[in-house]
Amino acid sequence: MAYDATTLPDVSGLTVGIIGGTGDQGRGLAYRFARAGQTVLIGSRTAERATQAAAEIAALPGVPDGALVSGGDNEDVARRSDVVIVAVPWEGHAATVAALAGPLTGKIVVDCVNPLGFDKQGPYARTVAEGSAVQQAAALLPESRVCAAFNHVSAPLLADPEIDRIDLDVLICTEDRELVGVVAALAARIPGMRGIYAGRLRNAHQIEAFTANLIAINKRYKAHAGIRVTDL
């Protein structure tokens, strides 16, 4: 069946929280969702830092006047959000997610963390005992609805106010097929993006690891490469 955006659910009323919302990826996603009119909560280890980031994002070009963008500590944001995007550095992934298991109970959790290492030869995929970052999150959050998505979105593109469209596909891995539509609809709030189901959680490690290839491509061609799936 061909991709049909008209079948996606209405997610405009959902509150999107971003754990790690003061980092490049989290901040960029927050900006794009705020531009779309989504209610956005910025999470950080300290509420003060998150509140400052939220104010800065709300003042950026393209964000509607009166946009609902606010900040809080990670636990507060996890409790107040309908959908929570985990965008923390890999080194702090397990500890951060585990600490939020309680407030994330019953929540949709979107993990976009890529377990990468860097050495003199460049970026490389790291081995994760659970198989992938999102599988680690799923193991730590047995009462949450977990998926992987937004792994390949360029932070510089997200943050650039001059860019209106970001033409790429967001690959979604999950055991919960109902989540595919919700996350795809969120992706579609960003002009040019599509959310595409890419298999169960066990297939997420290839997606996370492929980010190392994209970094190499970007370095070689001075680009901000993404992924577009053909024939859909």
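Some points to look at:
- Computed over the range 5-221, relative contact order equals 19 percent, with contacts defined as Cα pairs under 8 Å that lie 6+ residues apart.
- Largest to smallest principal axis extent of the C-alpha atoms in the range 109-182, angstrom: 40, 38, 15
- Taking 0.36 nm per residue of sequence separation and removing the Cα-Cα distance, the Thr230/Arg49 pair yields an extension gain of 61.1 nm.
- Tensor-based shape of the range 163-232 (alpha-carbon gyration tensor, a/c under 1.5 rounded, otherwise prolate or oblate): oblate
- Accessible surface ranking that places the most exposed of Glu56, Glu162, Glu208 first, with a 1.4 angstrom probe: Glu162, Glu56, Glu208
- Euclidean distance between Cα centres, the range 208-231 to the range 48-87, Å: 28 Å
- Nonpolar atom fraction for the chain, defined as the carbon and sulfur part of the 1.4 Å probe accessible area, stands at 51 percent.
- Cα-derived Rg to Rh of the range 80-133, Kirkwood definition: 1.05
- Probe 1.4 Å, accessible area per residue of the range 136-192, Å²: 37 Å²
- Solvent-accessible surface of protein heavy atoms, probed at 1.4 angstrom with all chains present, puts Lys222, Lys107 in the order Lys222, Lys107, largest first.
- The solvent-accessible area of Phe210, taken with every protein chain present and a 1.4 Å probe, is close to 80 Å².
- For the range 96-152, the relative contact order comes to 48 percent (Cα pairs under 8 Å, sequence separation of at least 6).
- Rounded, prolate or oblate (a/c below 1.5 giving rounded, otherwise prolate when a/b exceeds b/c) for the range 79-232 by Cα gyration tensor: oblate
The values are calculated or read from the model by the stated rules, or taken from the named source; none is laboratory data. Keep in mind it's a predicted model, so treat the numbers as computed, not measured. To get the accessible areas, we keep the full protein, side chains included, count just its heavy atoms, and leave off ligands, DNA and RNA. Shrake-Rupley method; radii C 1.70, N 1.55, O 1.52, S 1.80 Å.
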